[in-house]
Amino acid sequence: MSGFLNANIPVLNMTVGAFLARALLVLIVVIWTVPTFGLLVSSLRNKNVLLTSGWWEALVTTQQSARSATPEIGDILEDDSDFAFIQLADGVYTFETSALRGSNDRTVISYGGLDFSPNADDEAVDDYSAGETVPLPDGSNVTIAEDGTLTWTSTNDDFEAWRNVAGLRFNVLYALPDGSEAETDQRSLQIYPPGVVYEIRGESHVLTSNVFYNENGFVDNSRSVVSFGGSVLPENADVTYDEGSDFARSRVQDYEVGESVTLEDGSTFTLGEDGIYEWVSADAFTLEDEVDEVRFNYRAAIPPSFSLANYDEVLTSEGVGSSFINTFTVTIPATIIPIAIAAFASYAFSWMQFPGRQILFAVVVGLLVVPLQLSLIPLLRIYNFVGVSQTFPGMWLAHTGFGLPLAIYLLRNYIGGLPREIIESAKIDGASHFMIFVRLVLPLSVPALASFAIFQFLWVWNDLLVALVFLGKEQDVLTSQIRELLGSRGDNWEILTSAAFISMSVPLIVFFSLQRYFVRGLLAGSVKGG
Amino acid sequence: MDQEILNQLLGAVLAIVLGVGVMVLYFWGTNTLLSWLLPDESSEGGTRANSTDEDGYAFSPADALVIVFGAVMLVAFYFMPWIQFDDRNDDVISLTGSELASVVLEVGDSENVTEGDATINVVETRLILDGEVSTYAFDRQRLNEVDATIDRTDGVTSLWPFIAMAAILSGIWGVIDRRRQRAVAMLHLHVGIFGAIYFLIFWFQMGRIDLNMFSIVQLGWYLGLIGVIGLCVQAAIPRPGIMDFTRATDLREAVRPWLFVGPALLILFLYLVYPAIQTVYLSFGDGDGNVEVTRPVYPEATDELALTLTAPITPERLAVVQEALAMSYPSLADIDLATVPDNMETVRDAVEYFLGQVEQVPTVDALNVDTAAAYTEEAYTALRDQLAEDYPLLSGYNVPTDVEEGFTNMGDAATHLLSVVDPTIDEEFVLFRNYNWAFSNDNFWIAVRNNILWLLVPVLSTIFGLLVAVLADGVRWGTVAKSLIFMPMAISMVGASVIWQFVYDQRPEIGLLNAMVTFFGFEAQNWLVIKPWNNFFLLIILVWIQTGFAMVLLSAALRGVPEETLEAARIDGANEIQIFFSIMIPQIMGTILVVLTTITIVALKVFDIVLAMTNGQNETDVLANLMYDQAFVGFHSGRGSVVALMIMVAVVPVMIWNIRQFQQEESFR
């Protein structure tokens, strides 16, 4: 065994034992870094892909199967609904519906308050008289006829413009059969289903839309369709079927992109690579159609994409930005105050004579390990009584109290180790303890102060318990915010990952830039031995 | 940038400047003041007075300082507007409809308040609670919810820090007193004076608080504590052979160290020592005066009362007050309004009058109950219905489950029922009920078991740390490797939890572990619900964090092993593995122990990981999380204190070992 381990590997110029040792080290390092790396990668990925593929697949184009369906004909042909769909004939897109919800006994007198923005609150009803054609800013025209028919037309052949319209708001003044007048509340039209276009192309009627629509009305251009199939059989179903049989029974990989499928009523369905599908029928679609909708599966290729969008979202809309500031507000004073207090105490413990010195210091050593849980309940009662709970100063003092034992311990170890001669000679020169401390000891112990500062900074920054107990919702720090997110937004990984990484960024920067002091502090802080 | 954020930043900067400024001012100021008060007389040269000098005790400026400080403190405490005995305005309560029926005086205007996403219809209402009138805002929609928690801020309890300060000061005074032999006597004098002042003030405050037996017991308890702490301070301080304070210089140099350590000691005492003692005390309490009240519902009565407490009393209003209070205390309905004294001015007077007329609730002994009998549902129901004849509030009343858990016999149940109808509600001293709850509660034992399981963390971290320390030694990129393994130390446990959620997630598309498991053809698992292994998966996270710490310490220790010893062993023909186990390990045993104990403490206190990952579900609870749950989610500080004490008990051996270790080193110093 030992002979084998000592054998030389020629290329690497090392023994087998050394090679194995190195390999093991690499393995451990990888295991230790991979989870963090995964979080970093995840936080940079598009939120839609986070749930469907692991971060380890972030660099390869992944495929994802999804279900989709055309809108039901019944839904879009409903006569007096607010929803209608765009028809294209002779180069003009037309959207037609009833402005009065199909009440035939009323007549429109005038209308107004036309606006695209969903929050519009223009209550005008007499901007235009019935039948007047109103040009809209996007180049389209709207008319509301006396019988209540609303016609919205556009010659703009880019129907994207239609898709991005959230809705059209308007008010109508109308006459009732008895001659009295009334006006509608603000009504709004929504183009439904979003992005669906009904087109009369030559002899045939075509229903077109895109499977890559997202809820914001935009098409995700990065994706492409790989294949598609009917809706019944799962992707891997091991089923054979007769050629030319029912589309509904086909699998997701059965049809190539762009392939036309003939459905049982003779209409054809095609799904293109860009996600646009066309459902072409020789006759107009009617409510009596046998095939009411086409349900299908498709497999899409998702190329790798990274962005800072998640960070942007988290910082601006999820309150993480203000938590970040809060964390700084808590951390910095909570780092400085204990250092100042502890430095004086450490000096006294090292270089001044007073009764009880040893025993008080032993108490400090004992307090090093006292769990802070033991203090929380009475402290909160005191805080509530004095009125400093849920305030930053209360938080600073709490962290000062909990950090003080370690601070005193660390600093005393260091300050006590300064050469006796320096202190003695300063004393002989007539300097008081206060002068010696400020002029001599403080500058000399900067490394120890830095060590403790890093400790305390990391501890306060990363603390959750004290923040939960002593801070309110108003002054949420990052840790409690993330903990909250973990509970309430457990599936919104894009928020979690970026928030977590934001909270980790500052400690990591501090850690990597000041690692030397940190290590030194660790060695001094563990009860001797290092 | 947001104006609000800017303001906050400015505030933070200001606070830092102020905080640091106050400290500088303190240290510089006190030191300068000391030099000024006690100027150096060293110019007179070497004659030092002898300590056997029995001249009378000279009243020193230091004494004056102590007295002035104490006086200011007392004045501030009792007369500052921010401290009042009946200051309960900040309490948040929720009440049942019947609670309202029994205690509502005035239903104010309602207003809508936005809280998060929800809009709540809040009604400001004046209530009689515990015989006192207070104003609360509460949620109108939730009137019928059960479980009302009334938080009593008890002024007496909050005297603690001041008492403690007095104890410390008198102790220190005793120390700097040149006549040590009289120090203890001086201390007792202080206790006596302080106690007398306290009692006098207490006496004057009587009109505003319920002075009951328990408060007096507390008073004695405080005074006793002053004596004990003072004595401890005295006893802890070794008697110096000769300490001569006849000269100002000496007195000054004796005081100065205390100026240096004073703030530190004060903060340590306030934040660690005193709360620890108080926690022990609280563990015997019923939940610090949190009175849990659940009462049946009289919805129709809620809105009928619309009286302002300060409104002048009229016969009609008097009748309304009587009717409202009679719902809780039927005997009040028999009072003839004609007999009511006519010197009342406001509604408040009327309320106080009626409450004064309430017959004393019988004691448990007066009830015909076998207090020692075992608690059963049936016996409880019978007792309740019996009591409900006199106290309609109790009809249909059910004990909150967590209170019920604490019942050991029918005596407890009877006490509880009476406490519901008692017009005065006192902080209850329940002795071992909280301990009973803990030791008979499965969740507590699961938490204890899990904490023991978590002790794997120090072992695993040390092993991994040692492994890395050895492997990385002498490798060119060893520092980089160590730095990467060390990195998790900088990450918060909450952050680590998010990181590891990505490893443990049930979906193989997200969870790395399940992706690997499914890659090898196994079924994906929900790792965090597999009992008891889920604990193992959680504690791995802490191992991941702590290994870096172990590695740094051990690698430094390994470097300290003399190279000659290793050389000698190699020459003797030992192989590397033998050298490692029989030479290196024994040499660094001290460090290994340090690492083990340090990480043990961390593991015993672990909280964030459990809270963030599972919140103790599926038998993953640990003591620290249980404590948080009980004390700050369930607001039962008595039970929280018991659990906190259990953590402390677990830590004590390490603490003792640490102090021993420290004392050994000191003897070599």
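Derivation of every value follows stated rules applied to the coordinates shown; laboratory data play no part. The model shown is predicted, which means the values in this text are computed figures rather than measured ones. Heads up, the Cβs are rebuilt from the backbone with ideal geometry, glycines too, and the neighbour counts pull from every protein chain shown.
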Item to check | Placed amide H near A:GLN63: partners under 5 Å, 5+ positions off or other chain | outcome: A:ILE302
Checklist entry - What is the spin-label model distance, in nm, from A:GLU146 to B:VAL517 if the labels are put 7 Å beyond Cα along the C-beta direction? => result 7.4 nm
Checklist outcome for this item: Once both label points are put 7 Å beyond Cα along the C-beta direction, the B:VAL529-A:SER317 separation in nm becomes 3.1 nm
Checklist outcome for this item: Going from the fewest other Cβ atoms within 10 Å to the most, one would list A:ARG516, B:ARG252 as A:ARG516, B:ARG252
Checklist entry - How large is the convex hull of the Cα atoms of region A:270-340 per residue, expressed in Å³ as a whole number? => result 195 Å³
Item to check | Residues with amide H under 5 Å from that of A:ILE109, placed H, sequence gap 5 or more | outcome: A:LEU173, A:TYR174, A:ALA175
Checklist outcome for this item: Each label sits 7 Å from Cα toward the beta-carbon; between A:SER513 and B:GLU377 the label points are separated, in nm, by 6.5 nm
Checklist entry - Could you put A:MET435, B:MET627, B:MET584, B:MET23 in order, starting from the residue whose Cβ has the fewest other Cβ atoms within 10 Å? => result A:MET435, B:MET23, B:MET584, B:MET627
Item to check | From phi via Karplus (6.51, -1.76, 1.60), per-residue ³J(HN,Hα) for region A:325-338 in Hz, x at Gly/Pro | outcome: 4, 4, 4, 5, 4, 6, 6, 5, x, 5, 8, 6, 4, x
Next on the checklist: Based on the alpha carbons, how large is the Rg to Rh ratio for region A:390-434 when Rh follows Kirkwood?
Outcome noted: 1.26
Checklist entry - What is the extension gain from A:SER307 to A:VAL26, computed as 0.36 nm multiplied by their sequence separation minus the C-alpha to C-alpha distance, in nm to one decimal? => result 98.2 nm
Checklist entry - Counting Lys and Arg as +1 and Asp and Glu as -1, what is the net charge of the other residues whose Cβ lies under 12 Å from the Cβ of A:PHE452? => result +2
Item to check | Cross-link partners of B:LYS605 among lysines (Cα-Cα below 24 Å; sequence separation of 8 or more within a chain) | outcome: A:LYS528, B:LYS531
